[in-house]
Each structure stands twice: as C-alpha cells, then as structure tokens.
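Notes follow the structure.
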Amino acid sequence: MTQRPKILGQLLVDDGVLTAEQLQHALEDQRNRGGRLGEVLVRCGLATEDVVARTLARQLGLPFAPSPLVPDKDAPRRITESLARSRCVLPLRSTRRGLAIAMVDPLDLGTVDDIQFQTGCRIEPHVAEFSAVVDALDRCYGGSLEGLVASLPDELKGPGVSGDANLELATRAAPVVRLVDRVIREAVEAGASDIHVEETGADVRVRYRIDGVLRQAVEIPGAARQAVLSRLKVIAGMDISVRRRAQDGRIAFTQEGRTLTMRVSTLPVNGGEKAVVRILDHDAAPESLEGLGMAAGDLRRIRRLLASHEGVILAAGPTGSGKSTTLFAALSELDRERQNVVTLEDPVEYRLQGANQVQV
C-alpha cells in the first residue's frame, strides 16, 4: 500500500520546527486571512523562509535553490520582466531537459504553463525563498521603487479597488507584495527609524525618517494605494476591513540574517488612512554608555546620577534623536541581578536581560 505523503505543516511538526498547537494557530490564521501556509508561518514568526522553502522542496521532491540566487548571465532574458515580477519567478539556467526556474510556489501550474509557452522549454521548478527571488529579480532587472511602481498592472493604477474581497485579492498580488517588501528593505538599508505611508487623496506618499528627518521615497498611484496599505495591515496582523479606527500590529522581518521587529500603527485621516512602521533593531542597542560616544565629563556625570538612590533622569529630544537608545544604555549599567529593574514602555524597543519590561 502506497503511503500518503505528509503535508507541509505535519513535516514541520515532525521536524520540531512547530508544535501541533502552533500549526493549528497558523491554519486558523490562514482560514481567516488567506495566503499559502508557508507565507502564514513566516508572517506569524513561527518559521523562517529558509526552513519553509527547504521543507516544501522535500515535501514535493523538488530541488531547493539556496540564497543568494545566481542565475546564468542570459537566463533571466528567457522570459519577460513583467512575467518574472508578476509571478515571482526567476530563470536560473538551461539544462539538458529544459529550463530551471526558481519559484516560491511550484504548485502554481498556471505559471509553469505560461513560462513553458513563452520559452518553448520544459520547465524544471526549483523551490526558493520569496526574499531570495525578489533580491535576484532586483539585481537582474533593476529594483528601484519607481520601477516597481511603473510595473504595477493597469488595474492597480485606476481610481480604486471596490469591495473588501477584491481588495484582499489585490493585497496578495505579486506586484503589491514585492513593492511593499522593497519599501521595507530599502528603509532598513537606508538606516531609517520609521516608514510613513500616507494617503494624499489620489496617491500614497511613502517617506522614510532618517536621522530624525522625513525624506520622500516614492509616490504610489491609483488603486495601488489601498492595496499597499492593506498589505501592511495583512503582514502586521490587522483587519483590512477596518479603516475608520486606529489599529496596531507587529511585523517580524528578516534581512541579511538580521531579524527586525516592526511596530505598525494606522490612523484614519482626512482623505483616507495613514500608516507608520517603526523599525526596531534589537541588535542595534548599545551594550554600554561608552558605545554612545559621550564626552568623558558627561559620562562621569551620568554614572554619578545612576548611582543615586532616588531622583529622576529626563531624556528629551525629537523623534529619532536617540532617547530610547540612551536610556537603555544607562539601564545596562545597573546591576540587574541585585536590583529590581522595571520599565514601562510604548513599545518595548530593545530586550534587556534581567529587567521586567512592561508594554503600556
């Protein structure tokens, strides 16, 4: 009797990546908000892209294409850029039997057929991470935000998307997923502390806060403005149908081996909605006051204040000036083994070993 192959979720449970309870939570999230199971697991922070892709490849008996993807020089030209970007696929190389293609979803037989029709080759799918395919597409075709906006399909450049069902479909469209992913990655690469996404009537304006100053990144036209805001809500665990009240959510984002936590807040404003993404890099917190580069005299004064048994230290400054960084560097000076250290924060930005951190 032939044994039925195990599904992706069960394989991850068997491998010890997930518990049965976590799998049920992910399946419930999938029923409520849609998307592939692997995408849901990454979105919920239950598994990494690499683990999901490798396990999917094992489940389907397909090769895994590790990151970074390095295609042969002429391979990407075998299909059009619009097809590659809209389906999130990348030709890797010609083989004896056909054309090797890196795919996030190798079960998308419609895409396999389209590539086969365009190239006239037998297609050999290889499973790859979404972020690896996006990065490789940007290297091969160019990845400016303006270029990604220009490559949006015509239906997302019109006046708007009608109905929650259509909007939910638009948020899962590959061009929108890729655009939002690129907005976040570019902000992290630029050292931004915040991403501001603001509806301005007909368009959405995206700005990065760098060194305390907001700087224009890109403008997104037409119906895509709703899809982009809704995509942020989806990956942050918010309700895309709620537009008339504020919401808060969180995103776990991996880039170049670093896991970043992002706090997302939305607010209804005149003419639409505004979203702010706060980028929290836990690895960026200094381990001591010396790491702040203070003058020797200032360092002595702060340490003298920290040694006091009573009093208040007030840190004031504009957004992005380093208030939280300074306070956490100061807290790191305290003996948290012999003292009871309690923080009240909104949000908890850095993890401090030995402290009782309370989000309010």
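Using 0.36 nm times the number of residues separating GLN24 and ALA246, minus their current alpha carbon distance, what extension gain do you get?
Working: separation 222, 0.36 × 222 = 79.92 nm, distance 2.85 nm.
Fully extending the segment from GLN24 to ALA246 adds 77.1 nm.
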Amide hydrogen neighbours beyond the local backbone of ILE101, cut-off 5 Å, H modeled: LEU92, GLU124, HIS126
Filtered GluC sites (Glu not before Pro), the range 208-275: DSSP coil and at most 12 other beta carbons within 10 Å: GLU256
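Using the Cα gyration tensor of the range 8-138, with a ≥ b ≥ c the square roots of its eigenvalues, what is the shape: rounded (a/c below 1.5), prolate (a/b larger than b/c) or oblate (neither)? Intermediate results must be reported in sequence, preceding the final value.
Details: a/c = 2.20, a/b = 2.02, b/c = 1.09.
Prolate shape, in that a/c is at least 1.5 and a/b is the bigger ratio.
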Packing-based order for 208-218, 226-236, 189-199, using average beta carbon neighbours within 10 Å, highest first: 226-236, 189-199, 208-218
Of [x] 4, 17, 23, 22, 17, 10, 4, 2, 1, 1, 0; [y] 5, 23, 32, 25, 11, 3, 0; [z] 5, 21, 28, 24, 14, 7, 2, 0, the label for P(r) over Cα pairs in 10 Å bins from 0, in percent derived from the coordinates: [z]
Among beta bridges that DSSP assigns inside the chain, antiparallel share in %, nearest 5: 80
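The numbers here are math on the coordinates, done by the rules we state, and not lab data. For clarity, every value in this text was computed on a predicted model and none was experimentally measured. Glycine also receives a Cβ, built like all others from the backbone with ideal geometry; neighbour counts cover every protein chain displayed.
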